[in-house]
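Here the structure comes first, spelled out in structure tokens, and everything after it is commentary.
Any read-out appearing in this document is the output of simple, stated calculations on the displayed coordinates, not a laboratory observation. Please read these numbers as outputs of a predicted model, since none were measured by experiment. Note: ideal-geometry Cβ built from the backbone for every residue, glycine included; neighbour counts use all protein chains shown.
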């Protein structure tokens with residue numbers, strides 16, 4: 001990392017030589033030049049040490065905050081998945097988000113291996129483990145707890161082959177471009193439901209916990225990328241922060257907490273018919289009623305069989 005005090009030290013040395021580029025070997029040294037250079041060297045050495053210590057402390061603090069926020073962001077969907085497994089219904093699971101996040105984690109692991117960065121490597125390894133767990137929960141629901149051998153073999157082959165290719169074969173500049181593209185896909189995928197959310201003023205398709213943690217996660221990655229001066233980490237983090245923050249604005253608008261209106265965005269989705277709107281509202285109400293009925297059935301079963309509830 002380039003130290004902030006380098007420019008000051010160079011300017012001071014240039015001043016000590018009474019010339020912009022330093023004194024010429026053939027030019028006679030002015031009186032006291034050696035003494036001034038010795039004094040500046042004594043001043044510059046502690047400054048470099050202090051700057052190195054401050055940089056190390058800043059990076060350590062940023063990495064610690066990053067690890068905590070990144071880990072919390074990865075486990076945020078866990079309650080949603082647990083609830084889906086209890087109901088044996090995967091209808092509300094954001095599979096597109098889980099798959100996109102898994103791809104981004106694979107790319108992040110590969111990039112961490114190429115640049116030898118532990119923070120990038122381990123956070124993405126933890127994230128990939130979480131996405132595999134969430135996808136396993138979806139497989140458990142949709143396949144009635146069967147075909148686990150195929151599920152495990154498929155993931156093992158695809159993930160290991162992908163990490164080897166991206167970490168050992170793909171050039172780092174192309175890997176950086178792929179990271180940017182897939183992060184945009186990841187954080188913009190919930191916006192596919194933006195039209196329905198604006199029409200019905202219903203933010204159920206934007207989970208508040210996941211969206212808020214995405215904002216904090218991308219903000220911490222942005223600060224960390226600025227400290228390590230890495231454009232590959234910085235660009236996806238800034239774009240992800242903007243997309244996640246916009247989703248927070250949509251949630252606030254749907255709940256009536258935003259001081260300005262977002263309904264003008266409906267011009268990008270065209271005009272809707274009243275019948276289609278009423279049908280969508282009826283479907284939403286039916287889904288909510290079905291979820292309540294399922295919860296009551298699950299509670300009755302757990303009360304009737306305590307051992308099953310514990311399992």
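Which one is farthest from the chain's Cα centre (by Cα), of the residues in segment 115-137 that are surrounded by 18 or more Cβ atoms within 10 Å (Cβ to Cβ) and farther than 17 Å from residue 71 by Cβ?
The selected residue is 137.
Evaluate segment 107-116: report whether one residue or more is at positive phi, outside any helix (DSSP H, G or I) and without any contact (Cβ under 8 Å) to a residue 40 or more places away in the chain.
Looking through segment 107-116, at least one residue is at positive phi, outside any helix (DSSP H, G or I) and without any contact (Cβ under 8 Å) to a residue 40 or more places away in the chain.
So which residues in segment 84-101 are in contact (Cβ under 8 Å) with a residue 40 or more places away in the chain and assigned to a helix (DSSP H, G or I), if there are any at all?
84, 85, 86, 87, 95, 96, 97, 98, 100, 101
Can you give me the ranges of the helices (runs of 4 or more DSSP H) entirely in segment 137-213 with at least 3 residues that are out of contact with any helix residue (DSSP H, G or I) (no Cβ under 7 Å at 6 or more places or on another chain)? Spell out the reasoning first.
Values: elements: 148-164, 172-188, 194-200.
In segment 137-213, the matching helices (runs of 4 or more DSSP H) lie at 148-164, 172-188.
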